[in-house]
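Peer 1: Questions regarding the structure given below will be posed in turn.
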Amino acid sequence: MDRRPPSDDGRPGGGTPEGVIRGRTIATHDLETLRPAYGYDRVQAVFARINPEGAVMDGTAADVVPAPGRIHAARKGSWG
């Protein structure tokens, strides 16, 4: 049994027809990709590698933190 909530058209699971892309995201694994990501017109959301401990990042927090801010200012989603 599908327990996902029905969509507006009554179909379970969100109602997105098969083969329809609802949004585009990119996952960045280096700072040089993350920095210009806010300007990618075809991308609606960016997954950034950033964490409070500063582990496994391509720079210091001071280097990495401004990039998600620019992504947010460009009205795109950002997760880190």
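Peer 1: What about P12, is it modelled with pLDDT under 75, open to solvent by 90 Å² or more (accessible area, probe 1.4 Å) and either more than 19 Å from the chain's Cα centre (by Cα) or over 21 Å from K76 (Cβ atoms) (or both)?
Peer 2: No.
Peer 1: A follow-up question, please. Which residues, counting only those in the stretch 42-57, are of a type outside the set (K, R) and open to solvent by 80 Å² or more (accessible area, probe 1.4 Å)?
Peer 2: Within the stretch 42-57, Q44, F47, P52, E53, V56 qualify.
Peer 1: For the stretch 21-40, what are the residues that are in a helix (DSSP H, G or I) and either within 13 Å of G80 (Cα to Cα) or polar (S, T, N, Q) (or both)?
Peer 2: Our first condition is that a residue be in a helix (DSSP H, G or I); within the stretch 21-40, this holds for 31-39.
Selection gives L31, T33, L34.
Peer 1: Something else now. Of everything in the stretch 54-80, what is in contact with a Gly (Cβ under 8 Å, 6 or more places away or on another chain) and either part of a loop (DSSP other than H, G, I, E, B) or of a type in the set (G, A, S) (or both)? Give them in sequence order.
Peer 2: T60, A61, A74, listed by residue number.
Peer 1: A further question follows. How many residues does the stretch 63-76 hold that are without any contact (Cβ under 8 Å) to a residue 12 or more places away in the chain, within 15 Å of R35 (Cβ to Cβ) and open to solvent by 80 Å² or more (accessible area, probe 1.4 Å)?
Peer 2: So the count comes out to 1.
Peer 1: May I ask you to list the residues in the stretch 16-38 that are at pLDDT 70 or above, open to solvent by 70 Å² or more (accessible area, probe 1.4 Å) and farther than 16 Å from D63 by Cα?
Peer 2: Residues satisfying the conditions are R22, R24, T25.
Peer 1: Same structure, new question: Residues of the stretch 41-53 being in a loop (DSSP other than H, G, I, E, B), closer than 13 Å to G80 by Cα and either at pLDDT 85 or above or hydrophobic (A, V, I, L, M, F, W, C) (or both), which ones?
Peer 2: Selection gives A48, I50.
The values are calculated or read from the model by the stated rules, or taken from the named source; none is laboratory data. Since the structure is predicted, the reported quantities are computational estimates derived from the model, not experimental observations. With ideal geometry, Cβ positions are generated from the backbone for all residues, glycine too; neighbour counts draw on all protein chains shown. Just so you know, the surface numbers come from the protein's heavy atoms only, side chains and all, with ligands and any DNA or RNA stripped out. Shrake-Rupley method; radii C 1.70, N 1.55, O 1.52, S 1.80 Å.
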